[in-house]
1. Could you check, for the stretch B:256-263, whether at least one of its residues is touching a Pro at 6+ places or on another chain (Cβ under 8 Å) and surrounded by 23 or more Cβ atoms within 10 Å (Cβ to Cβ)?
2. Considering A:Leu43, A:Leu118, A:Leu32, which residue is outside any helix (DSSP H, G or I), open to solvent by 50 Å² or more (accessible area, probe 1.4 Å) and free of Cβ contacts under 8 Å to residues at least 40 places away in the same chain?
3. Mind checking whether some residue in the stretch A:247-255 is within 25 Å of A:Ala164 (Cβ to Cβ) and at pLDDT below 80?
4. I'd like to check which helices (runs of 4 or more DSSP H) are fully inside the stretch A:151-241 and have at least 2 residues that are within 14 Å of another protein chain (Cβ to nearest Cβ) and crowded, with 19+ Cβ neighbours inside 10 Å.
5. Considering only residues that are open to solvent by 30 Å² or more (accessible area, probe 1.4 Å) and either within 14 Å of another protein chain (Cβ to nearest Cβ) or modelled with pLDDT under 85 (or both), which ones fall in the stretch B:229-242?
6. Here is a list of conditions, (1) assigned to a loop (DSSP other than H, G, I, E, B); (2) closer than 30 Å to B:Val275 by Cβ, and B:Asn147 meets all of them except one; can you say which number that is?
7. Taking the stretch A:246-286, which residues are open to solvent by less than 10 Å² (accessible area, probe 1.4 Å), assigned to a loop (DSSP other than H, G, I, E, B) and either more than 8 Å from chain B (Cβ to nearest Cβ) or farther than 25 Å from B:Gly183 by Cα (or both)?
8. Here are A:Arg123, A:Arg160, A:Arg189, A:Arg152: which of them is at pLDDT 85 or above and out of contact with any strand residue (DSSP E or B) (no Cβ under 7 Å at 6 or more places or on another chain)?
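The values are calculated or read from the model by the stated rules, or taken from the named source; none is laboratory data. Keep in mind it's a predicted model, so treat the numbers as computed, not measured. Cβ sites come from the backbone with ideal geometry, for glycine too, and all protein chains shown count toward neighbours. Surface areas here come from the heavy atoms of the whole protein model, side chains and all, with no ligands, DNA or RNA. Shrake-Rupley method; radii C 1.70, N 1.55, O 1.52, S 1.80 Å.
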Amino acid sequence: MTDIVGPSIPAGTPQAATARRGHTVYLRVERLVGLVIEAALALAFIIVPVASPISSSDITSLPLAPPSAEHLFGTDQLGRDIFVRTFEAGRIDLGLILVSIAAAAVGGALLGLFAAYLPPIGRMVISRVTDATMAFPYIVLVIGLAAALGNRELISGLPRGAAAISIAVVIACWPPYTRLTLSRALVLRERDSIIAARVLGYGPMRILFSHIGPALVPTVVSYAATQAVATTALVGSLAFLGVGIAPPTPELGQMMAENIALLPVAWWPSIIPGVVVLILGVGFALMADSTSERNTR
Amino acid sequence: MSTAVLPSPAGRRIGTRASRRVAAIGGPFLQAIVVTLLVMVITFFLIRTLLGDPAVVLIGGNTGASPERIAALRTQLGLDKPLPVQFLDYATGLLQGNLGNSFQHPANTVASIIANGAGVTFALVGLTLLISCLAGIGLGLFAAGTNWPVLDNIIRVLSLLGLAAPGALVGLVLILTAALGGGLFPAGGWGNGYPENFQYLVLPAITVSFWLTPIILRAVRERAGDVLQEPFAEAAAARGMSMTRLILRHVAPNCAGPVLTIIGVSLSYLVSGAVIVEIVYGLPGIGRAMTTAVGSLDFPVIQGIVLLTGAVVVVLNMIAEIASRIIDPRVGR
């Protein structure tokens, strides 16, 4: 944030250099751990439901059997295996998060880039719309939109409700990227190298996409990781609000919400899916924290 | 104004001191008005174009009510008029301070429905802010001042956990341990009066604080680390000032700005988190009012809740921005 403060130890002294190197190595390890968590979970989400002999809707044993060797995560009130259900649900959650964040980041960033080349009045309109969207409490926007788009099967082949959640998350998530890229692009635009490019006669599109755009990628990626943390928690909570994926398809938040009443009798059907959401979130948080601009500077 | 995102060259000050003060307050104020108006307009048209027909829902969906009855109900609700006319009606009502009546329960005004829910939600948000500020500032200053980097790192990793934990999971675990296991607080519900209701708010507020505390903590930790490296802080340490005194006297006041800013930025997420946690604990707040209204397509109630929560977020943001500009003149942009 503030650049006012310099390092207290003069840069270049061996001590400062070692401290800095130690810090960067640590951050690199942290980022790697985050990445490994996400990759391992993603793999498990894909493999487990396919490889397992039972499907997520099979009634395999007595209802509410506690975790055992046979059913690692126990069974739910219908006797369905929670292990298989959790991993099948995770695939939907992770897929939703990745697709929505990527769409919001790319769309928002492009809008910000274009806005940088609009006349001031156009820029102001975009800024105010950005502010207004950000002023909507995230959840109100998502509930409203998800309810409006409802359980209609917007895209065939996807579980009912998935497209609605995705669209709602994109609409709620794009503004910070626009704000971020617009402000950075306006600063970059005045750089000597960009002015030189303009003097060379490069068109605005070329300058935007091959000179300014690439310089913004790290900022956008870092913010996307940060937002993934919040979105993971949000997607995992939507079912509590009565919106979300329609029941035959398992989803982590939905598993938590539908089993909350059973909490005094059986903790596993609701807590275990929640812990998976937590691990997903921690993975993103580790990646976000170690790529944040402050730490990599 | 804030479109001028270009940072002005260092040291260049435009205008007199007084006019800068006016700009510091006027800019955010105008912006807040514009944004609130936008929220109102966007909500109105989005709801009416995206959501279905409330008349059908009110009459009872698929029971095969005659088209005449549905049409009559639409007229009664004012939904048969063209959209611009409906909007004008709504806007004139708002100017007179009238949010309209609920479609679902025509006897209830939207204002009264919101007031009931908002009381609960604001109490929850307030208690959360109190807990999170105390814990976040305390832990943040401690992490910055401690001589053991291990403690600093433990606090950092724990704060990551808090950030990543979904409110619903924290709620479930707290219900399981503190309410069902320990019997410390009720697992959910709501009472009749205030001293009694307080016990229903404690666990929900702690739940939301699990997320807000790390946010404040990290802002404090970052600023405190910076301040501790400034020459004046090193000079004070060299003079033999104790770490505790240095932190409390010189570092803590410097953290007020970042804390205000980060709270301002997090408000909309804070309200969102509160809404989810409310539902986990079954509190009769804005969240429940909102889900009921969305379920029954109660347009006036949805509009009212969105407008109110939007306005609150905007106004608090504005206050945070003005406050941080006045506290720290460097933030003038």
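1. So the first thing to find is which residues in the stretch B:256-263 are touching a Pro at 6+ places or on another chain (Cβ under 8 Å), and the list is none.
No, because not a single residue in the stretch B:256-263 is touching a Pro at 6+ places or on another chain (Cβ under 8 Å) and surrounded by 23 or more Cβ atoms within 10 Å (Cβ to Cβ).
2. Numbers: A:Leu43 fails: outside any helix (DSSP H, G or I); A:Leu32 fails: outside any helix (DSSP H, G or I).
Testing whether each residue is outside any helix (DSSP H, G or I), open to solvent by 50 Å² or more (accessible area, probe 1.4 Å) and free of Cβ contacts under 8 Å to residues at least 40 places away in the same chain leaves just A:Leu118.
3. Checked the stretch A:247-255: at least one residue is within 25 Å of A:Ala164 (Cβ to Cβ) and at pLDDT below 80.
4. Working: elements: A:162-189, A:192-199, A:204-207, A:213-235.
Per the criteria, A:162-189, A:213-235.
5. We begin by selecting, within the stretch B:229-242, every residue open to solvent by 30 Å² or more (accessible area, probe 1.4 Å); these are B:229-232, B:234-235, B:237-242.
Matches in the stretch B:229-242: B:Gln229, B:Glu230, B:Pro231, B:Phe232, B:Glu234, B:Ala235, B:Ala237, B:Ala238.
6. (2)
7. Step one: of the stretch A:246-286, the residues open to solvent by less than 10 Å² (accessible area, probe 1.4 Å) are A:250-253, A:255-256, A:259, A:263, A:266, A:269-270, A:273-274, A:277, A:280-281, A:283, A:285.
The next check asks that each one be assigned to a loop (DSSP other than H, G, I, E, B); those that pass are A:250-251, A:259, A:263, A:266.
Selection gives A:Pro250, A:Glu251, A:Asn259, A:Ala266.
8. Details: A:Arg160 fails: at pLDDT 85 or above; A:Arg189 fails: at pLDDT 85 or above; A:Arg152 fails: at pLDDT 85 or above.
Only one candidate qualifies: A:Arg123.
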